[in-house]
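So the structure is just underneath, and the comments pick up after that.
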């Protein structure tokens, strides 16, 4: 059993392996396993943090992957891009992605079962994001459908950093729409 434990922790440095052997030899098998698990967990966590730190922030180029992910977890999404796509400043790229991500998450959470449409429209002066779901709104036009929650406040604040605007409301039919306008001339 000791040989199996040593083989499974081949990445540990010699001192750690020796400590494990000493604890096991003393009959402190439980302590040895605990030391082993704690060190392996710490190294795995450190490796995962390092990988996340190196990963770039998401942007408009990652929206298709987000839409596919949402479809995989139960929210079919139609995604369209209108106008010539352009490179946006990194903060605006992240803002567009987060607005779509949050609006789709809200649709999945509050309007299920539903479908959604995401439209990204570029023009000379702005980028517009429209996310609409076809789910329930607890009755068309009710106060509950137009209630502003913490996540919508956060989205408005994020958009406001770039001089944009965000509107969120229930639709006349069933559903909910989040519409965002981010000006581009101030970003260039």
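For (1) modelled with pLDDT under 95; (2) out of contact with any strand residue (DSSP E or B) (no Cβ under 8 Å at 6 or more places or on another chain); (3) on the phi > 0 side of the Ramachandran plot, each residue gets a yes or a no:
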| residue | (1), (2), (3) |
| --- | --- |
| 52 | yes, yes, no |
| 57 | yes, yes, no |
| 63 | no, no, no |
| 69 | no, yes, no |
| 78 | no, no, no |
| 106 | yes, no, no |
| 120 | no, no, no |
| 125 | yes, no, no |
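Would you mention how many residues in the range 161-188 are outside any loop (DSSP other than H, G, I, E, B) and either within 20 Å of the chain's Cα centre (by Cα) or buried (at least 20 other Cβ atoms within 10 Å of the Cβ) (or both)?
Of the residues in that region, 9 qualify.
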In the range 106-135, anything assigned to a strand (DSSP E or B), closer than 16 Å to residue 182 by Cα and out of contact with any helix residue (DSSP H, G or I) (no Cβ under 7 Å at 6 or more places or on another chain) is listed as 119, 121, 122, 126, 128, 130
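The values are calculated or read from the model by the stated rules, or taken from the named source; none is laboratory data. Since we're looking at a predicted model, the values are computed, not measured. Every residue, glycine among them, receives a Cβ derived from its backbone with ideal geometry; neighbour counts consider all protein chains shown.
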